[in-house]
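To start, the structure itself, in structure tokens.
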Amino acid sequence: MTAQRITRQGLLDWLNGVAAKATLIAPVRVEGIYLFRPIVKIEDIALDYSQSTVPPKEWLFPRSDTLFTIERLDRAYELKPPAAAGPRVLFGIRPCDARALAILDRLFLAEPADNLYEERRQNTVLVGLACARQQLPECFCTSLGGGPQEAANVDVLLAGAGEAYTVTVATEKGQQLLSGATLRDGGEMPPAPSLSNQVPTAGMAERLRLAFNSSYWQRLADRCLGCKMCTYLCPTCHCFDIRDCDVGGHAERVRCWDGCQSALFTKLAGGHNPRASKAARLRQFYAHKYLYFPERFGVTQCVGCGRCAHFCPVNIDIRETLRDLQTLEVCPHGSGETARRREPVGAAFGDSRASA
Amino acid sequence: MLDLTPDMKLFSLRLQDPAVAESLHYEVGQFALVSVFGVGEAAFDISSLDAPRAALEFAVRRVGTLTEALHEMEEGSVVGVRGPFGNCFPMAEYEGRNLVVIGGGSGMAPLRSVVNYVVQPARRERFGQLLILNGARTPADLAFKHEFEKWASSPQTCLELTVDRGDDDWRGRVALIPDVVRELKPSPLDCVAIVCGPPIMIKFTLKALKDLGFADSQLVGTVETKMKCGIGKCGRCNVGDKYVCLDGPVFTFAEIGRFLEEF
Amino acid sequence: MAQSTADTPRTRAGQVEPTAIWQPRLVGFLCNWCSFAGADMAGTSRLTYPAAIRIIRVPCTGRVDPLFVAKAFQRGADGVLVAGCHPGDCHYAEGNYYMRRRYVLLRDLLEFLGIERERFHLEWVSASEGKKFARVVSEFTSQVAALGPREPPRQGPTELEAGTSNE
Amino acid sequence: MSDLVTGIRAQVRDLLARRRVEYVVGYETGSDGVNARPFFAYTTEEADRLVFDNTCTHNLTKYLVEPERRGSTIGVVVKPCDARSLTVLLAEHKFPRDVVAIGVVCPGIVQRTREGGDGEAPQARCQVCDQHTPPACDILVGEATAEGPVLDQFARLAPLEAQSAAERSAFWSQQFERCLRCYACRQTCPQCYCDECFAEALDPEWVGVRIGRAENWLFHAIRCFHLAGRCIGCDECERVCPVKIPLGLLNRKLRKEVLDRFEYRAGTRSDERPPLETFRKEEKLDLA
């Protein structure tokens, strides 16, 4: 890895060049929030953006994805694959979101690989933008081994703000992309911002196993509304639905985002629903990230971006849940209720909250 | 296509590409995803045996939009199929042991291939006693009647039928499956019990078998969950930490017992 | 894909065909007892009216779920007509009274969403009013034709997805 | 501690101690130590975690219609606007069981925008609120105040109403394009309680599974219409929307038309049928 410098103007000039050769996707401000969108004017890029509301995963795993179109022929069907993705540059991705893509890679690229994801991934260059400050009050990447300046999961990492950026080339792909950029030697990493959250995440798999039958989930789920926001805004959530739909005269097989917090997610055609309660569904959200996924792929399926906690309409806060799970008194599985049956959620925050 | 019950049909699929048909190989208990183009795709257990080579068969109960569309199809229609996926019943491990096969309603579909595997004359003596317990709501709902004679006439094999509600012509049992299990008292000695059916039936049947001394490791079943991709990516079919499409659909209850709440 | 605009006619598939004369695509929900019979009467009386309308028979205008209307617009209808028994003549006594209220509010909402109020029309046509039916359809057709084609909410992939306009 | 908080805690303690209710849905301070969140108090000790302040934005009556709670006797803390939700639900016979409504005199709720900004300004609904004392509650906490003049609830609509149909169509198309169909708007709405939502029905599949503009348009258009004459204007749908679709505009538009045409305001009177559930034979409704 080598570090170099680029000026703000140099950066914009380079991006103009990049946009001429590939689809440039970067954070822009839309109605007061930040979203990753294809860039028409370089000036639209929000270089100093705070976290994007929807994570950039949607450019590799889009909210709706046509698997193939279905043409009906005489006594047969013709299935046509969608048009191939062109080259793309995903600019301004935060280290946590980049780390999330590396996690999604484990799933989507595992044999048999998901060819749509794989194709897009191969055609996408990731340009990271280190966090100059803490992005969301709830983010806790350092508790999961990440960091606000992590360069491990991008091709190029930019750090800095205002007029000067430090450029770290992390891969060959990144090196190629940078050809044509006006770089100066001797870049120095700006000091990393200190993050306010330290969340205990060690041993979480075991804690979740122990807490599987705990009434904790019921208490936590009491206020859960059962929307799918936490899963759709999560950079590592990957669950989807596949269905056929009629689109103006022909059918398509479409894959769309789906989320485990919906009651319909697991409901069978016959009516039986193995995860019939909000509590079981909420437990699935955490257990998938901190127990099932690590068992299968070796990594925690959470990067600590804080979106689920930040946007949850009823403040179901993953930091709090993880702390609660550490301190929860649980009996081994099978024994049902815990000793402290109505253990209030959020006890880890102590009594300060009680005085208003 | 063959009507099995008023709401269940047996579909025989012939693969269009002879080369693919030739190379297709599957084990007892595996599943595949069947597509009705324009309607969708769903997972079904394969009800036929790979050898001797025959058509790919699925027993499908009419429950939702996709199965409805399948049922409405005419002989000779084209559907899509992806698979085979999942694990299988370790039939080789069961050799030399007694088998109790208990199917409730459409739960008999995945078990049909187990039974047909065992009752093959060339193979029958490799297994011990075979008890088949097939239950349904009414006599009309008992699936695979056309094979009952073949099953019952196999040596060392006992076919027991039971229904929740009889009719004028029914001379057999009118009892719930768990009660029949308690009545028949199959011995857990050197025996494997394979159970498949609606969750509530499984729950009480397992309890009855455990009361008879069956250990969790002797209790095997296929698990049915909603499934979209079949290859471990859509994140929907897990029962606890087990993914039905990759680790299942065949499980011993030693494996998923602690996550039973999710099933 | 070329998007049709107000002055370029298009076919059912949405392609621009400069030579064709543009006809609006209309959907008519007709009550079985009055207006459908009225349409029948128009037919048997050999009255001509524009063929642009696709008729869907419903048991009563009270059966017209706003979802039917919105779905028609979503799938590209240029106008939607609902026709049923005159107030007081409903076969089910009061279905059309409910529809009347529903209609005015739905029209307000659709207008707020950008669908001109002239594109959604409610009319009372009895079984004997074949002539009125033909007139209503003719007038509604020209009323919608004057507005031109409506750009329906785009179906299929948006620019948020692969292989579309931004790439 | 404010008098409201003391009052709520005392009432809830009493309800729980007498076993008048199984539990009470109220507010507690959330994980940031500032903003409130819903809290379910099951014991008298837990009653002491309840709070009430100008961050208590949630409309807690939503929880009453959850299928999992059928058959329970529940207490619920309601602001004046939430009380209107309750009135609507009661009129729709959503509660064959017992509910104890603990009404709180409301000071108005602050915005707390997620990007900072003017977080302390009152929410749009509160700026034009003309009902600060909850109507029709079993228990009232706080001093009932004389209400000021009725304010224009619909000023926010004017700019959009002034536009052409094509402009409005383009505006909504842009808004709905962002929609992820996470269904937070529906899930947070007390007036959305269908066992099977039309948006997720499979047979027929009205909306379609695609998360795209056309599907999103149909979902929002019909969800809004399903609230015609029922929406009480809590604007929670707009607050929870992660991509900031101004859903409050849609509902406000229908509230305006319902008020203009039928002189009806949802949840203010329990003896009146909602406008789409009734009719007057003689009305013409500006039709020919």
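The values are calculated or read from the model by the stated rules, or taken from the named source; none is laboratory data. Just so we're clear, the structure is a prediction, and the values are computed from it rather than from any experiment. Heads up, the Cβs are rebuilt from the backbone with ideal geometry, glycines too, and the neighbour counts pull from every protein chain shown.
For the reader, a short list of remarks on this structure follows.
- A single member of A:Glu31, A:Glu58 is without any contact (Cβ under 8 Å) to a residue 24 or more places away in the chain, within 12 Å of chain C (Cβ to nearest Cβ) and within 23 Å of the chain's Cα centre (by Cα), and it is A:Glu58.
- A:Thr124 vs. criteria in contact with a helix residue (DSSP H, G or I) (Cβ under 9 Å, 6 or more places away or on another chain), among the hydroxyl-bearing types (Ser, Thr, Tyr) and within 25 Å of A:Ile45 (Cα to Cα): yes
- Of the residues making up region B:40-77, those that are among the β-branched types (Val, Ile, Thr) and either under 23 Å from B:Val195 (Cα atoms) or at pLDDT 90 or above (or both) are B:Ile46, B:Val60, B:Val63, B:Thr67.
- Residue that is nearest to B:Met73 (Cα to Cα) [pool: residues in region B:1-37 that are in contact (Cβ under 8 Å) with a residue 12 or more places away in the chain and among the acidic types (Asp, Glu)]: B:Asp7
- For the criterion of being surrounded by 22 or more Cβ atoms within 10 Å (Cβ to Cβ) and either closer than 29 Å to A:Leu322 by Cβ or charged (D, E, K, R) (or both), D:Arg84 passes.
Condition check ((1) part of a helix (DSSP H, G or I); (2) in contact (Cβ under 8 Å) with a residue 24 or more places away in the chain; (3) of a type in the set (S, T, N, Q); (4) more than 7 Å from every other protein chain (Cβ to nearest Cβ)) across all residues:
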site: D:Leu157; (1), (2), (3), (4): yes, yes, no, yes
site: D:Leu180; (1), (2), (3), (4): no, yes, no, no
site: D:Arg186; (1), (2), (3), (4): yes, yes, no, yes
site: D:Asp195; (1), (2), (3), (4): no, yes, no, yes
site: D:Leu202; (1), (2), (3), (4): no, no, no, no
site: D:Val207; (1), (2), (3), (4): no, no, no, yes
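- Region D:13-51 - residue that is under 19 Å from A:Ile316 (Cα atoms) and in contact (Cβ under 8 Å) with a residue 40 or more places away in the chain and, of those, nearest to the other protein chains (Cβ to nearest Cβ): D:Val51
- Answer residue from region D:221-238, given it is part of a helix (DSSP H, G or I) and away from chain A (no Cβ under 14 Å) and is surrounded by the fewest Cβ atoms within 10 Å (Cβ to Cβ) among those: D:His226
- Taking region A:84-122 as the range and being part of a strand (DSSP E or B) and among the charged types (D, E, K, R) as the test, only A:Arg88 passes.
- Test result for D:Leu64, within 26 Å of D:Pro274 (Cβ to Cβ), out of contact with any Lys or Arg (no Cβ under 8 Å at 6 or more places or on another chain) and more than 8 Å from chain A (Cβ to nearest Cβ): no
- For D:Arg70, the criteria (1) more than 23 Å from D:Pro135 (Cα to Cα); (2) more than 9 Å from every other protein chain (Cβ to nearest Cβ); (3) touching a helix residue (DSSP H, G or I) at 6+ places or on another chain (Cβ under 6 Å) hold in every case but one, which is (3).
- Annotation for region D:239-254: no member residue is more than 8 Å from every other protein chain (Cβ to nearest Cβ), surrounded by fewer than 23 Cβ atoms within 10 Å (Cβ to Cβ) and more than 20 Å from D:Thr57 (Cα to Cα).
- Complete set of residues in region A:39-93 that are among the acidic types (Asp, Glu) and over 23 Å from A:Leu24 (Cβ atoms): A:Glu71, A:Asp74, A:Glu78
- The set of residues in region A:1-49 that are assigned to a helix (DSSP H, G or I) and in contact with a Phe, Trp or Tyr (Cβ under 8 Å, 6 or more places away or on another chain) comprises A:Arg8, A:Leu11, A:Leu15, A:Val18.
- Counted residues, region D:260-276 - those being in a helix (DSSP H, G or I), in contact (Cβ under 8 Å) with a residue 40 or more places away in the chain and more than 8 Å from chain C (Cβ to nearest Cβ): 0
- The residue pairs whose first member lies in region C:106-132 and is facing chain D (nearest Cβ under 9 Å) and more than 26 Å from D:Pro159 (Cα to Cα), whose second member is in a loop (DSSP other than H, G, I, E, B) and aliphatic (A, V, I, L, M), and whose beta carbons are closer than 7 Å, counting only pairs six or more residues apart or on different chains, are C:Leu122/D:Leu287.
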